[in-house]
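**Q** Pasting a structure below so you can have a look.
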Amino acid sequence: MFWNKSVVNALLILAAGQSRRFGADKRFVTMPKGGPLLPALIRRGGKAGLPVTVVLAESDPLTEIHGAHILRSTRAAGGMGYSLADAIAQLDSALSSVLILPADLPLLRISSLRQVAEQAAEDRIIIPHFQGQRGHPVAIGRAFWPELLNLEGDQGAKAVLAKYADACVRLDLDDPGICADGDTPAAMQSLFDEMTLPE
């Protein structure tokens, strides 16, 4: 298997979308510091001590990404819910928790990944916040994975978080990068211009 038995958490990067709003493949937009976005996020996951998995659409031409294990989603065109469900179905059942990360957060700090992972547990959902705003990655314990298998369309995991609110733990972080996503070229450039990028 990709993970050894001592690993309890893993980072899952959602990269199966079609970047319609961005107009290009934003996974490989070049940052002023750190190179292309997706490889940079993978490196940060590794530096945080997490094995990294990337979920891609079945038709994606990428066959290898340095530092990450690739999973394929046959239903990615139907929305993020489907690609997340397909990925969860393929994860190693020995893991206690998975940290779910969209592939458009260029300013996310390594320390934030570590802090979320430290709080993660099989029976918990860890939701990072910055100044009251929810961010990513959200760590979802294995106890809730069966619910994720039923996700559809673009709904994401919000319904699962709402259903199991009592298991959700708010983690306040001093990192605006957990919320700073670049959905359009202008939004991404604004992030590059206004904030210091992590290594």
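**Q** Looking at the chain as a GNM with Cα springs under 10 Å, which of Gly153, Gly135, Gly177 has the largest mean-square fluctuation?
**A** Maximum fluctuation in the GNM of the chain, among the listed residues, is at Gly153.
**Q** Would you calculate, for the chain, the mean residue ellipticity at 222 nm contributed by helices, counting each DSSP H stretch of 4 or more residues as -39,500 (n - 2.57) and dividing by all residues, to the nearest 500?
**A** Dividing the helical sum by the residues of the chain leaves -7500 deg cm²/dmol.
**Q** Out of residues 5 or more away from Ile100 or on other chains, whose amide H comes under 5 Å of its own, with H placed 1.01 Å from N in the peptide plane?
**A** Leu12, Val138, Ala139, Ile140
**Q** Right, another one. Name the residue from Cys168, Val138, Ala120 whose Cα lies farthest towards the positive end of the charge dipole of the chain, charges +1 on Cβ of Lys and Arg and -1 on Cβ of Asp and Glu.
**A** Going by the charge dipole, the pick is Ala120.
**Q** Of the labelled options [x] 0.94; [y] 1.77; [z] 1.02, which one gives Cα Rg over 2.2 N^0.38 Å as computed for this structure?
**A** Answer by label: [x].
**Q** Mind checking which of Ala187, Ala48, Ala121 has the largest fluctuation in a GNM of the chain, springs on alpha carbons under 10 Å?
**A** Top of the fluctuation ranking is Ala187.
**Q** Let me know the charge dipole size of the chain about its Cα centre in debye, to the nearest 20, where only the beta-carbon of Lys, Arg (+1) and Asp, Glu (-1) is charged.
**A** The dipole magnitude comes to about 180 debye.
**Q** Among Ala117, Ala16, Ala57, whose mean-square fluctuation peaks in a Gaussian network model of the chain (Cα, cutoff 10 Å)?
**A** Ala57
**Q** For the stretch 9-70, with only Lys/Arg (+1) and Asp/Glu (-1) charged at the beta-carbon, what is the dipole magnitude about the Cα centre, in debye rounded to 20?
**A** 380
**Q** Then there is this: What relative contact order, as a whole-number percentage, does the chain give when Cα pairs under 8 Å and 6 or more residues apart are counted?
**A** With pairs under 8 Å counted, the relative contact order is 25 percent.
The numbers here are math on the coordinates, done by the rules we state, and not lab data. No experiment lies behind these values; they were computed from the predicted model shown. Quick reminder, even Gly has a Cβ in these numbers, built from the backbone with ideal geometry, and neighbours come from all protein chains shown.
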